[in-house]
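Below is one structure, written out as structure tokens, with a few remarks after it.
Please treat every number below as a calculation from the coordinates, not as lab data. Note that this is a predicted model, so its numbers are computed, not measured. Note: ideal-geometry Cβ built from the backbone for every residue, glycine included; neighbour counts use all protein chains shown.
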Amino acid sequence: MEVWMSIAVGILFAVAVYLILSRSLLRIILGTSILTHGVHLLLLTMSRLKSGAPPLLGEESGSYVDPLPQALILTSIVINFGVTAFFFVLAYRSYLKLKTDDMEEVKMESDE
Amino acid sequence: MTNNLLIMPLLIPLIAAVLQIFGMRHVPVQRWLGGIAVIVNVGVAVWIVITVRMEGIQTLAMSGWAAPYGIVFVADMFAALLVLTTSILGAVCLFYAFASIGEEREKHHFYPFFQFLLVGVYGSFLTGDLFNLFVCFEVMLVSSYALIVLGGTKRQLQVTLKYILINIVSSSLFVASMAYLYAAVGTLNMAHLSQRVSEAGQDGIIGVIAFLFLIVFGLKAGLFLFFWLPGSYAAPPSVITAIFAGLLTKVGLYAIIRTFTLIFYHDTGFLYTLIGWMGIASMVLGVIGAVAYRDVNKILVYNVVAGVGLIAFGLATANVAGIEGAIFYMLHDMIVKALLFLLAGIMIGALGTTNLKDMSGLIKRYPFTGWMFFITGLALAGVPPLSGFIGKLLIVQGGLERGWYTMTIISLIASLLMLYSVMRIFMLAFWGKDRPLIDDRAVFQDSPEVKREVYHEWSPFRPRRLMAASSVLFAFVILIGLGAGWIQTFVAQAADVLVHPTLYIQAVLKE
């Protein structure tokens with residue numbers, strides 16, 4: 001199972017890198033979103049996948065899942081949600097101001 | 001020692017920021033809240049330093065969950081000194097902002113973002129948990145995104161898109177490397193990590209993970225991977241650039257120093273040599289940039305890169321002298337870099353341009369600013385009685401002890417070029433023929449629009465207050481230099497913990 005998940009993570013990373021390297025700003029933002037999804041999946045996979053056990057460490061429970069990565073992923077999702085929302089708003093603002101969403105045209109300032 | 005004091009540097013700005021959001025329409029309320037918060041925080045930071053000095057490393061386990069399970073805050077002397085420097089920088093920059101940031105930005109949440117930025121920085125310095133470090137990093141970065149784009153000029157939008165993208169990618173890599181580390185050793189508490197890594201040995205997989213962390217923090221600190229830095233830092237108003245130059249890159253550096261002295265300290269061969277070369281490369285490329293450009297902001301930004309390189313080089317020597325030097329130089333660098341940007345802000349505000357070609361003759365109108373800039377430039381290069389000297393001397397000593405003669409010589413040459421680049425600003429901007437100030441020029445009086453673009457801000461330019469704020473930092477540049485022997489005792493205590501990770505582990509895990 002871990003192997004398949006790792007492959008899935010690899011595919012997500014590849015898609016994300018492809019999107020981030022494209023020119024359209026929206027694709028780039030989607031790329032960063034997919035990248036963080038890949039990272040979250042990686043975090044989940046890295047803590048060993050176990051099915052049918054609750055993330056609780058009780059006195060009696062025979063098997064349990066490590067709850068820490070899930071807490072970490074939750075935190076990371078929240079942060080990523082905020083950052084992505086901000087990025088979208090920023091993209092919209094810069095589209096209004098710069099009249100383009102093409103990163104090639106969003107050139108740096110004239111470097112003297 | 002458990003001590004609730006450690007949460008105060010975060011709580012105070014956090015509460016101030018929340019109250020400021022409620023009082024967003026009333027600028028004076030926001031100013032008072034911010035001003036009180038930063039000054040109280042200086043007091044708290046001094047208290048933390050004194051406590052750590054008297055009683056050793058302080059820890060705080062959140063909600064009473066003991067160390068490897070809950071989140072801990074740890075203040076050793078290194079963190080405490082950085083918190084103190086941050087609080088001083090924060091206070092000075094806030095008062096500088098009062099006189100320069102302009103009403104538009106004040107009404108659009110400049111002050112809350114500023115406080116949130118400080119929350120993130122303090123959190124990063126104090127936390128003893130790797131994931132919590134990531135969270136504090138994000139608090140700091142999200143505020144920095146907002147601060148860098150606040151005002152919404154074309155140039156700011158252009159650079160912010162890139163700045164956010166590079167930081168999202170590096171944050172993702174941060175979480176990914178944390179996932180690998182968790183899989184390898186099964187903990188994220190830094191003290192616990194240190195123990196587990198020592199037991200498992202730092203070869204093979206853990207070496208690769210350490211390398212990943214180096215890339216992540218290198219991106220954040222602008223250590224060799226600084227391609228994103230010059231553009232982003234040159235766009236926002238001077239006070240924001242000053243706080244970024246003083247704090248953000250240093251947080252990345254702090255993370256490098258902390259992880260590579262506490263957790264991944266076993267492999268001093270390959271990884272430390274790599275950090276050393278990355279530092280040297282940043283210095284060389286940084287000074288080349290600083291010498292090449294004719295734009296005040298650009299020159300200073302490239303000096304930031306060079307400074308980061310020197311500190312990393314101090315760490316890489318991995319001996320007591322080098323690490324003490326790195327700590328000392330880092331404290332000095334935070335203050336001096338912020339001060340240079342604040343002084344440059346006065347120059348830019350006066351003449352309305354960042355290009356050195358259009359600057360000259362400021363010394364007549366602003367003699368005090370001019371000489372402050374001159375002496376700060378000397379301090380930057382490490383001229384003896386000033387703050388940079390001891391740090392640089394120790395780093396050089398560390399480099400020689402390690403036997404890295406070529407690298408040490410390169411770093412000294414780079415220091416000379418740093419001095420040259422700053423002196424060139426001084427000579428071109430302050431000497432030469434007198435020019436009319438921006439407010440006197442007829443062109444701008446008709447078109448406030450043009451003036452805004454030139455300033456990059458809607459600035460009420462009040463040079464006297466700006467100078468007053470800057471001179472506080474300037475006093476520290478002199479005092480650190482004169483009291484170097486006394487401060488050295490604090491730095492030695494800080495370096496002691498970095499050189500002997502067991503002290504940190506014992507304090508946190510209480511074995």
| Over what distance in Å are the Cα centres of the range B:1-39 and the range B:179-205 separated? | 37
| message | Considering only C-alpha atoms, what is the centroid distance from the range B:370-415 to the range B:101-151, in Å? | response | 31
| Rg and Dmax [Cα atoms of chain B; Å; Rg one decimal, Dmax integer] | 21.8, 72
| field | Separation of the A:Y92 and B:L274 label points, Cα + 7 Å toward Cβ, nm | value | 4.2
| For the protein assembly as shown, with only Lys/Arg (+1) and Asp/Glu (-1) charged at the beta-carbon, what is the dipole magnitude about the Cα centre, in debye rounded to 20? | 1540
| said: Just to confirm my numbers, what's the Cα centroid distance between the range B:42-60 and the range B:314-357 in Å? | reply: 26
| Average partner chain C-beta neighbours within 10 Å, per residue of A:27-40? | 3
| remark: Dividing the mean separation of Cα pairs under 8 Å (6+ apart) by the residue count of chain B yields a relative contact order in percent of 17
| Inter-chain Cβ neighbour average for residues B:135-148, partner chain, 10 Å | 2
| field | the protein assembly as shown - convex hull of alpha carbons, volume per residue in Å³ | value | 148
| said: How far apart, in nanometres, would the label points at B:V208 and A:M5 be if each is projected 7 angstrom from Cα along the Cα-to-Cβ direction? | reply: 1.8
| Charge dipole (debye, nearest 20) of the range B:146-505; +1 at Cβ of Lys and Arg, -1 at Cβ of Asp and Glu | 940
| Where in chain B are the helices, taken as whole DSSP H runs, whose Cα atoms extend 27 angstrom or more along the long axis and whose Kyte-Doolittle mean reaches at least 1.0? | B:27-55, B:77-98, B:130-149, B:270-292, B:296-316, B:320-351, B:405-430, B:463-482
| field | Shape category assigned to the range B:83-157 from the gyration tensor of Cα positions, a/c cut at 1.5 | value | oblate
| field | Protection proxy ranking, peptides B:100-106, B:57-63, average beta carbon neighbours within 10 Å, highest first | value | B:100-106, B:57-63
| remark: Classified through the alpha carbon gyration tensor (a ≥ b ≥ c as square roots of its eigenvalues; rounded if a/c is under 1.5, else prolate when a/b is larger than b/c, else oblate), the range B:32-176 comes out oblate
| request: For peptide B:170-180, compute the average count of partner chain beta-carbon atoms within 10 Å of each residue's beta-carbon. | output: 6
| said: Report, in listed order, any pair from A:K97/B:K162; A:K99/B:K162; A:K99/B:K107; B:K298/B:K337; B:K337/B:K433; B:K250/B:K298 with a Cα-Cα distance greater than 24 Å. | reply: A:K99/B:K107; B:K337/B:K433
| Spacing of the two label points (7 Å from each Cα toward its C-beta) at B:A492 and B:I7, in nm | 3.6
